[in-house]
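I have placed the structure first, in the form of structure tokens, so that the comments after it can refer back to it.
The values are calculated or read from the model by the stated rules, or taken from the named source; none is laboratory data. This structure is a prediction, so every number in the text was calculated from the model and none was measured. We place every Cβ from the backbone using ideal geometry, glycine too, and count neighbours over all the protein chains shown.
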Amino acid sequence: MYLRLRGALAAAASISALSAPVVAAGLAGAPAPFDKGDVKIALVGFISGGDFFEAYQSGAQAQAKALGVDLRIFPGKQDPALERDQIEQAINLGAKAIVIDHGQPESLKDVAQKALDAGVKVVAFDVNLDNPKIPQVEQSDHLLARLALEQAVKDNGDTFKAGYVYVAGFAPLDRRDEVWTEFRKAHPGVEEVARFGAVNSTTAATVADQAKAALRAHPEITVVFAPYDEFARGVKLALNELGLNDKVKVYSADVSTADIREITEAGSPWVATVATNPAVVGAASIRAAALLAAGQDPGHSIVVEPVLLTQKSLRDSGVATVEELSAKVPAFGKSNAAKAGWISE
């Protein structure tokens with residue numbers, strides 16, 4: 001029953017992704033194949049839920065529209081087998097390029113190579129496919145974690161008991177974990193007393209349950225490093241339920257309009273996040289794929305630089321949405337990654 005249901009859901013997702021083709025005219029002044037139009041690019045995602053991924057896809061769609069690209073989006077729904085199948089479908093669809101958005105490297109490397117062997121260009125966002133022919137788009141995860149932890153020390157000194165939210169096997173989290181490991185070596189007064197985490201269809205709720213258990217077992221925790229906004233949302237839920245908002249500070253990564261509301265609300269323990277605009281990252285991913293499809297080199301490492309957003313700075317600026325943040329903080333709203341004269345934003 002479960003396998004048949006999953007197969008039906010996969011088929012439904014595929015039909016949704018492949019339906020309603022867009023036939024666009026050529027782009028004036030663009031190199032082949034964009035000069036003639038009808039270029040298909042596929043965006044295959046692993047994580048389908050959450051504000052970050054919705055904004056990422058929105059940015060990808062906007063950039064594809066500016067390029068006259070027929071963008072097909074495949075939602076992976078946190079299912080490695082489904083994501084593999086969707087990459088195969090994108091190859092068979094005749095996509096000129098595929099953007100692989102997150103996923104588990106061990107389940108993707110061979111099918112990504114299959115795409116390359118078929119002449120399809122591949123770009124990876126926040127998943128390390130360990131292939132010199134596949135450019136990597138990232139948010140400078142090392143800097144992102146470093147800025148958050150520097151703010152934690154600024155606010156709390158360099159001696160505190162910490163909780164840490166982490167799940168291994170996801171490239172951005174693994175890169176952020178490298179910084180956490182280096183940080184603790186450089187700050188021996190910072191002690192990690194609890195580690196927990198989950199990435200699933202209900203990440204925030206699952207992390208909330210884990211955080212409640214960790215905080216009850218370790219009431220000495222005063223700082224939680226939760227370097228993904230769904231993690232931070234879960235920790236904040238736990239702190240709210242336990243009445244510990246005034247005793248524990250949360251530092252995170254990523255941002256959305258919903259996050260801004262949760263950070264700036266009265267009494268919030270979520271005091272800082274470091275982020276790029278996910279829509280800008282989505283647009284950069286599509287630009288990189290387009291450059292590859294046109295036979296041009298976007299570079300192997302395509303980095304969108306993050307900015308530190310503290311609770312105080314967000315409150316003082318009166319920012320309520322990501323759009324307002326983009327308007328007031330130019331470094332957040334734009335990126336020069338994977339640019340070319342023939343690609344309009």
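Would you tally the residues in segment 94-113 being touching a residue at least 24 places away in the same chain (Cβ under 8 Å) and under 20 Å from Leu291 (Cα atoms)? Within segment 94-113, residues that are touching a residue at least 24 places away in the same chain (Cβ under 8 Å) and under 20 Å from Leu291 (Cα atoms) number 9. Filtering segment 178-225 to residues that are part of a helix (DSSP H, G or I), in contact with a strand residue (DSSP E or B) (Cβ under 8 Å, 6 or more places away or on another chain) and under 20 Å from Thr273 (Cα atoms) leaves Trp180, Phe183, Arg184, Val207, Ala211.
Looking at Ala289, Ala272, Ala284, just one residue is closer than 26 Å to Asn245 by Cα, crowded, with 24+ Cβ neighbours inside 10 Å and under 18 Å from the mean Cα position of the chain (by Cα), and that residue is Ala272. Looking across segment 23-52, the residues that are touching a residue at least 60 places away in the same chain (Cβ under 8 Å) and surrounded by 21 or more Cβ atoms within 10 Å (Cβ to Cβ) come down to Leu27, Ala30, Phe34, Val39, Ile41, Leu43, Phe46, Ile47, Phe52.
Among the residues making up segment 313-322, those that are more than 19 Å from Arg146 (Cβ to Cβ), free of Cβ contacts under 8 Å to residues at least 40 places away in the same chain and assigned to a helix (DSSP H, G or I) are Asp316, Ser317. Filtered by the rule that a residue be outside any helix (DSSP H, G or I) and modelled with pLDDT of 95 or more, segment 75-100 gives Gly94, Ala95, Lys96, Ala97, Ile98, Val99, Ile100. Taking Gly163, is it surrounded by 15 or more Cβ atoms within 10 Å (Cβ to Cβ), in contact with a helix residue (DSSP H, G or I) (Cβ under 7 Å, 6 or more places away or on another chain) and at positive phi? Answer is no for this residue.
Mind listing whichever residues of segment 123-170 are among the β-branched types (Val, Ile, Thr), free of Cβ contacts under 8 Å to residues at least 60 places away in the same chain and within 26 Å of Val44 (Cβ to Cβ)? The answer is Ile134, Val167.
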